[in-house]
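For reference, the structure is listed below as structure tokens.
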């Protein structure tokens, strides 16, 4: 809401919305005017144009991760704003879409406060952190962001710096056994689709190899 204050507390006030108080609260765009008459009969009029800024903070992220597993948030806030993230473990960030990992098990609340021109909105989501399965990332591999995680089958592998190149994707189970592998050509989009729907429930390591570059991440299949 936006507060409009006409001043002159000992005067009579007549607002265009019918209110007769000195101060009113409005939440819609529009032109508002007020007539003010003091005890001596003098009258003054003023008009103000109000444009209400609508900010709806929103984001998605993994609901379940392991200790030490890096994950990303996908910021879906409806307008350009400044961001204040709180991951519930003492870590904060002002990046638009930061990455994070937890060093201890437990349930954490990720909070986003989106602000613009004095207006702000808040969104939260819980993340459950389980003990590590002991799977190791590929040596010297870059972190591979996987969404959604956990998944019922279809996932998106975020590879924004890989375009129009062949990508070899290999999936390992909790015992390090190779359970899936394919080579596909990634186009100009930032993500690559992969269907794990035929795999049993569990935690898997996904590795993507592009020429001399390697990426690795973990995903939970429900």
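Summary table below
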{"quantity": "Residue list for the range 20-34, restricted to those being under 17 Å from residue 49 (Cα atoms) and crowded, with 17+ Cβ neighbours inside 10 Å", "calculated": "24, 26, 32, 34"}
{"quantity": "Failed condition for residue 57, given (1) over 30 Å from residue 218 (Cα atoms); (2) in contact with a strand residue (DSSP E or B) (Cβ under 7 Å, 6 or more places away or on another chain); (3) surrounded by 15 or more Cβ atoms within 10 Å (Cβ to Cβ)", "calculated": "(1)"}
{"quantity": "Filtered residues of the range 150-178 (kept if touching a strand residue (DSSP E or B) at 6+ places or on another chain (Cβ under 9 Å), surrounded by fewer than 18 Cβ atoms within 10 Å (Cβ to Cβ) and either outside the structural domain of residue 207 (by TED's automatic domain parsing) or assigned to a loop (DSSP other than H, G, I, E, B) (or both))", "calculated": "150, 152, 153, 160, 161, 163, 164, 174, 176"}
{"quantity": "Flag if residue 118 is touching a strand residue (DSSP E or B) at 6+ places or on another chain (Cβ under 6 Å), at positive phi and not assigned by TED's automatic domain parsing to the domain that holds residue 158", "calculated": "no"}
{"quantity": "Search result, residues across the range 73-84 that are more than 9 Å from the chain's Cα centre (by Cα) and assigned to a strand (DSSP E or B)", "calculated": "82, 83, 84"}
{"quantity": "Residues within the range 94-149 that are surrounded by fewer than 16 Cβ atoms within 10 Å (Cβ to Cβ), at pLDDT below 85 and part of a loop (DSSP other than H, G, I, E, B), tallied", "calculated": "8"}
{"quantity": "Strands (runs of 3 or more DSSP E) within the range 1-70 that include 2 or more residues touching a residue at least 24 places away in the same chain (Cβ under 8 Å) and under 40 Å from the mean Cα position of the chain (by Cα)", "calculated": "2-5, 23-26, 43-50, 64-66"}
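The values are calculated or read from the model by the stated rules, or taken from the named source; none is laboratory data. Small disclaimer: the values here were computed from a predicted structure and weren't measured. Ideal geometry is used to build each Cβ from the backbone, glycine not excepted, and the neighbour counts take in all protein chains shown.
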